Amino acid sequence: MTAQEPFIVCDNLVKIYKVANLETVALQGLDLVVAPGELIGMVGVSGSGKSTLMNILGGLDRPSAGRVWVGGYDLLKISDSDLNHYRRAMVGFVWQQSARNLIPYLTAQENVELPLTLAGTGGAEMREWALHLLDAVGLAQRRRHHLSELSGGEQQRVSIAVALANRPQLLLADEPTGEVDSETALRIYDTFQRLNRDMHLTTVIVSHDPAIARHVDRVVAIRDGRLAAETVRQGRERHSENAQDEVFEELTVLDAAGRLQVPKEMLGQLNIRGRVRLELTEQGILIKPVENSDHAEGAEALVDDLAQQRPARGLWGALRRLRGGSQA
Amino acid sequence: MSIVGRLRAIILLVYKRILSQPGLSLASFAGLVIAMAITMSIPIYTDAVYYQTFIKSVVEVDTSGATLPRPPFAFMFRYGDGLNNPVQLEDTFGIDEYLTTSLAGEFGLPLNFAVRHYRSEPYPLYPQGAAVTLDSAAAVGWSHVSSVTDIEEHITLLGGSHPVVSAENDEDPMEVLVSRVLAEKLTLTVGDNFFLYLRDRNSDGIWVTISLPVRIAGVWEATDPADPFWLVRPAVFDEHLLVPEETFIQRLSPLIPDEIYGVVWYLVFDGDNVSHSVVGGLVERINSAQQRTSALLPGVRLLVSPRDQLVTYLRDANILNALLFAFGVPVIGLLLMFIVLTRVLALEQRRNEIAVLRSRGAMRLQMIGVGLLEELLLGGLALLAAVPLAVALANLMGQTRSFLNFGSEAREMRVLLSPTVLLAGVIILLIALLAQLVPTLGASRHTVITYKQERARWQQRPLWQRLWLDILLLIPVAYGAYLLRQQGSLAVMDNEISRNLFENPLLFLVPSIGLLALALLFLRLMPLLLGAVTWLVAHTPSVALLMAARQLARTPGLYSTPLLLLVLTLSLSAFTASLAQTLDTHLVHQSYYLVGADLTFSDFGEDQTPGQEAAPGSGPNWIFRPVSDYVQATGAQAATRVGAYPAVATLAGNSVRGGFVGVDRFDFSSIAFWRGDFAGESLGGLMNILALNPDGLLMPAEFMARYSLQLGDVVRVVVDAYNYRSVLDLRIVGTFDLFPTYVPADGPLYVGNLDYFFERAGAPFPYQVWLKLEGDAPVTIGAATVRLPENRIISGQQRPERQGIFGMLSVGFLAASALTVIGFLLYVLFSFRRRLIEMGVLRAVGLSRGQMAAYLAWELAFLTLLGATAGTLLGIWTSTLFIPYMQIDSGPTTGIPPVLPEIAWSAIFRIYILFLSLFLVGLAGMAFSLRRMKIFQAIKMGETA
């Protein structure tokens, strides 16, 4: 990381969804810093909070607590009209599903021109820029085609062009290769890299693709709404002649409060539950299992147990108690 | 960037947007066009009908006044002619300038032509050289000197030439024209020289006399006496020596102190563009013009003007407009609902797109702008298309004879697109805009993310269900129904009542809101119903059937809008058709009721009463043919005598004026018009009671209750037949609510035995003969005045209000049917499109094409069936509830006999057949699409579908 002013700063970011009476904590104190012009990959299992983070960064959703700064905008306190401007001028999106990116009844070129029109650009300047973008994603020849006439990969590349139409500083891509074959995926990654280089775009790509590390500067892993690990390239340039030679290292993230997430597989192998013993050694900190722990289950399991025993109220409760009583 | 460029891009987007959903856009467009056309056709029709009546009434007034048929917008201002003192020419300049220059502008009507006519007092005309005497004995005649502007273009000279204009101090004789009649009367010939002996008092009161030499320059005749130019009949000018106006002013005027004996301004305007919306203002301006002219020249009178007829025109047109709109409210309401629902459907399709654009930073205002622009574009085009359709509909209404029967002779319609008409269209457009705006406002809140989140929570019930809107709407409906029950009637063609109509126009909304509320309630209950169906079909082996039932039971939100459309259109069709049929039947029933039988006439017999003064004791002496003669003579089925005379009865000490009807109880029941609800007993039963009691009396139950009379009471009835009074003491043996020809407002009806009455009166009196006809056999009954229900029915059918309402209902029914078709096809389209992925998945998991088809067919069948059943039930229910209160009669016979709601099953079956054919078409379309469907495409399209 350079000494440059960071472009994205997330500090203890929290997002809570509330549907009916159910609260889901999607982000639970996430910290992330991204430098300008960085190309970042983001991985994590479904439900880990990647998409939530992307939505917040894109100004489509507001965080519940914490701090998030993108290119000088405080996205927690931003006004609605500023948010509109932010979405229009700062960010470009590429979604996995082209339905979220494109208007189906317009041609590729019209799709690219539309956000420009809405932003107030027009005329020859608009046309030229749209052509330039389509050319940049390699679709200049197909610009007059309607979306249904384009393949999935082509649609996705049109989406990238649309996302870049308003000359954003930040490009967010949510699983852009999710619905295309690996060949096409490579092309798309290649496009991202080229754009990142040429336009000095800060780019965040969410992916399930385990090979994403090859195409980006840095991969961050999100687990349970927190940043858990980072994978960084060791020494080599990312465009190596010889992809096999590249070496990556996965680092676990230690947050400001000194917490870290230990991968579940490691814990499972050593059967570590509830409590551990830390030992300071010369090489670092050693985490060791505690034997014969009484409260080894941890709080979560305990709450589940309690919930089971919770006395039900009302008629249903009475029935349950009655049934329980008769069984007892 | 230029505004134009940006606008162009947005218009392009709107254009592509409209084209991207051609089916839906077309449906919205059709709905808009139909709604606008129907709304606009009402003022067009009303205006046309009453303009025609107005023109007729203007012409009628004038022909009866034995003058010319004047053009409808002719105005005549007159001064003088012995009614006022003669004035000087200069005194008329002010009013003349006002009338000839300002009036047309004030009226806002183009001036076709104006005629000014000056005339002098009549002066004696002497042959040249004759001596002037006090008794004018030597004069050949007396003549006015007069001028009529532009008369030379409307007369033919039989001899001579047009007179030369002569100036003030001309020595030559003044050249004049005389009419052929005058020339013949006074034996004048062209070139003859005369002199006029002018005599008048000057301003100092001194008599001045001048001899003015006159030469006959020509003899004229009106080219066409019926020419609208003629302000008065040309014969009026037979007493005149016509001179050019310049001569009158330059030569004659300086000679006489008060030269203007009479002056007339005749102005004819072009009123072809006068519509009912401007009539009110026009009447006011006519009044003010009249005051203005009186101020300019006291004593001037507006002799001819269409003012009174315009007032009538305005009043009648207003009432008819109100009535037609009132009856059209359900149709228009439905059309608006249709528009709203198609907009909602369209927007459902657009929500994703709006969310995408919003996520890309489009402002909310831009999205709303795009939505409004789209609606404006559609609406503007619709307005253009609606205008000719509205004209066609108005013409159709003018040809309406009965429900869906446009066989009447076409009215001569003046079609005028007045501001009112366009306003009606624009109001519909505004409502459509609103229908677009409100959901767009909601949709434009969302970005892609929040939209998807909301969609994920779609299991939530729709807003109207959460707000219990269906139940809430039922409250005012119930209250309205209660009010109607209290008030008795919705619409009556009566000034007094039509005011009521304006007081509470919301009452007319009650049936429509009722339909909507019930349809919504039905949608709320439908999942339960379908759940039960699902449970039932779960025991059948058909996968498709079960899937269809389950699909419908579980996802009511997906098809509620089209289903609502189906239910509403069908129920509205049923309601409209039933209303029309009921009104039709009621007209027939009422006509028969008021006439009494198929044909009635009065038989006056032969009066052989001795002397004019009926001496006491010596009764009348009429001789009649037996009624069986009429049966033989006319080929009628049966005939009976009915004696109807005025009568006064003493009821509980009060003298109550009413009518006595004596019947031949044997034949009466088979001939008279009778409906089961007229009395507690059948007519035959009542007649049997009369047979058992010669002195029996049947009375209206209403009056018996009012005077606390009971069966068995004896009532003294004094019958006044042809000035012979007979006193009858009759015993009440039966009651009725209604009896043919009985109108409660005219007092009670006493029904007794005719023979008993004749017996007590001492002799028969002239009576009516009622005939029962066989089929449509034409009947001729000598010279007697025949009363036929048919005549009344035909004249009733031609009343403009009735014709308008039936036209309205017919057009509404057709529109509702058309919308049913559109709504149904929309549903098919949407259910298919929405489920493209689902179908792809189902095919992928191994459902055969046949099973898929069966699944879709079952679903369609379920919905069609449900929609048809619910729609029919709702329509019938609303009909029975509200139709009795929707009447178009006026006067004391309103609601007599009571309106019995009839369900128009034939029309409903027509709709069923329409449904069935639609079902088949929809099925065929689905099968076709299914064959073409590519699974991979369906799945790949994913969210775009």
Backbone HN-Hα couplings from phi across region B:878-883 [Karplus 6.51/-1.76/1.60, Hz, Gly and Pro as x]:
5, 4, 5, 6, 10, 4
How do A:Lys264, A:Lys15 stack up against each other in accessible area, from largest to smallest, with a 1.4 angstrom probe?
A:Lys264, A:Lys15
From DSSP H assignment alone, runs of 4+ in chain B each adding -39500 (n - 2.57), the sum over residues rounded to the nearest 500 puts [θ] at 222 nm at -18000 deg cm²/dmol
Full-extension gain between B:Ser211 and B:Leu111, please, as 0.36 nm times their residue separation minus the C-alpha to C-alpha distance.
32.0 nm
Cross-link pairs beyond the 30 Å C-alpha cut-off, checked among A:Lys18/A:Lys264; A:Lys77/A:Lys264; B:Lys16/B:Lys452; A:Lys18/A:Lys288
A:Lys77/A:Lys264; A:Lys18/A:Lys288
Hey, how many Å between the Cα centroid of region B:327-370 and the Cα centroid of region B:121-150?
85 Å
Tabulate in residue order the Karplus-calculated ³J(HN,Hα) for region B:755-765, using 6.51 cos²θ - 1.76 cosθ + 1.60 with θ = phi - 60°, rounded to whole Hz; enter x for Gly and Pro.
4, 4, 5, 4, 4, 6, 6, x, 6, x, 10
Across region B:168-322, what fraction of all alpha-carbon pairs, as a whole percent, falls in each successive 10 Å bin from zero upward?
8, 25, 27, 20, 13, 6, 1
Pairwise label distance in nanometres, B:Asp720 with A:Ala140, each label 7 Å out on the Cα-Cβ vector
10.9 nm
Can you figure out the FRET efficiency of B:Thr101 with B:Val344, using R₀ = 60 Å and their beta-carbon distance, to the nearest 0.05?
0.55
From the C-alpha coordinates alone, can you work out the Kirkwood hydrodynamic radius of region A:1-135, in Å?
17.0 Å
Please list, short to long, the whole-number percent of alpha-carbon pairs of region B:90-133 in consecutive 10 angstrom bins beginning at zero.
19, 32, 17, 16, 12, 3
Calculated FRET value between A:Arg127 and B:Gln453, using beta carbons and R₀ = 41 Å, to 0.05:
0.70
Just the Cα atoms of region B:506-575, one point each, no solvent: what log10 I(q)/I(0) does Debye give at q = 0.12, 0.13, 0.19, 0.22 Å⁻¹?
-0.41, -0.46, -0.78, -0.91
Just how many % of Cα pairs in the protein assembly as shown lie over 50 Å apart, if you round to the nearest whole percent?
58 percent
Whole-number Å³ per residue for the convex hull built on Cα positions in region B:37-192
199 Å³
Rg/Rg_ref, region B:542-605, where Rg_ref = 2.2 N^0.38 Å and atoms are Cα
2.36
R0 = 41 Å: FRET efficiency of B:Ala137 with B:Leu157, Cβ-based, nearest 0.05?
0.80
For region B:224-276, radius of gyration divided by Kirkwood radius, i.e. Rg to Rh on alpha-carbons:
1.11
Which distance in nm do the two modelled labels at B:Val588 and A:Ser79 give, with both placed 7 Å along the Cα-to-Cβ direction?
7.3 nm
A convex hull over the alpha carbons of region B:654-720 yields, per residue, a volume in Å³ of 111 Å³
In cubic angstrom per residue, the convex hull of region B:653-796 built on its Cα atoms measures 142 Å³
Please compute, for peptide B:360-371, the average count of beta-carbon atoms on other protein chains lying within 10 Å of each residue's beta-carbon.
5
I'd like the Karplus ³J(HN,Hα) series for region B:184-199: coefficients 6.51, -1.76, 1.60, θ = phi - 60°, whole numbers in Hz, and an x wherever there's a Gly or Pro.
5, 5, 9, 6, 9, 10, 4, x, 4, 10, 9, 9, 9, 9, 8, 8
So if the hydrodynamic radius of region B:685-756 is defined as the Kirkwood radius over C-alpha pairs, what does Stokes-Einstein give as its diffusion coefficient at 10 °C and 1.306 mPa s, in µm² per second?
126 µm²/s
If every alpha-carbon in region B:242-400 counts as one equal scatterer, what log10 I(q)/I(0) does Debye give at q = 0.08, 0.10, 0.20 1/Å?
-0.57, -0.72, -1.34
Alpha carbon convex hull of region A:81-156, projected area averaged over orientations, nm²
5.3 nm²
Express the C-alpha Rg of chain B as a ratio against the empirical globular expectation 2.2 N^0.38 Å, rounded to two decimals.
1.32
Could you please state, rounded to a whole Å, how far the C-alpha centre of region B:622-640 is from the C-alpha centre of region A:78-156?
94 Å
Label B:Ala691 and B:Thr880 with points 7 Å out from Cα along Cα→Cβ: what is the distance between them in nm?
3.6 nm
Ratio of alpha-carbon Rg to the 2.2 N^0.38 Å globular estimate for region B:613-698, to two decimals, please.
1.37
In µm²/s, what is D for region B:139-217 at 4 °C and 1.567 mPa s, where D = kT/(6 pi eta Rh) by Stokes-Einstein and Rh is the Kirkwood radius from Cα pairs?
92 µm²/s
Suppose we keep just the alpha-carbon trace of region B:334-404; what are its Rg and Dmax in angstrom?
18.2, 60
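The values are calculated or read from the model by the stated rules, or taken from the named source; none is laboratory data. Note that this is a predicted model, so its numbers are computed, not measured. A quick note on method: Cβ atoms are made from the backbone with ideal geometry, for glycine too, and the neighbour counts reach across all protein chains shown. Calculation scope for accessible area: heavy atoms of the full protein, side chains included, ligands and nucleic acids excluded. Shrake-Rupley method; radii C 1.70, N 1.55, O 1.52, S 1.80 Å.
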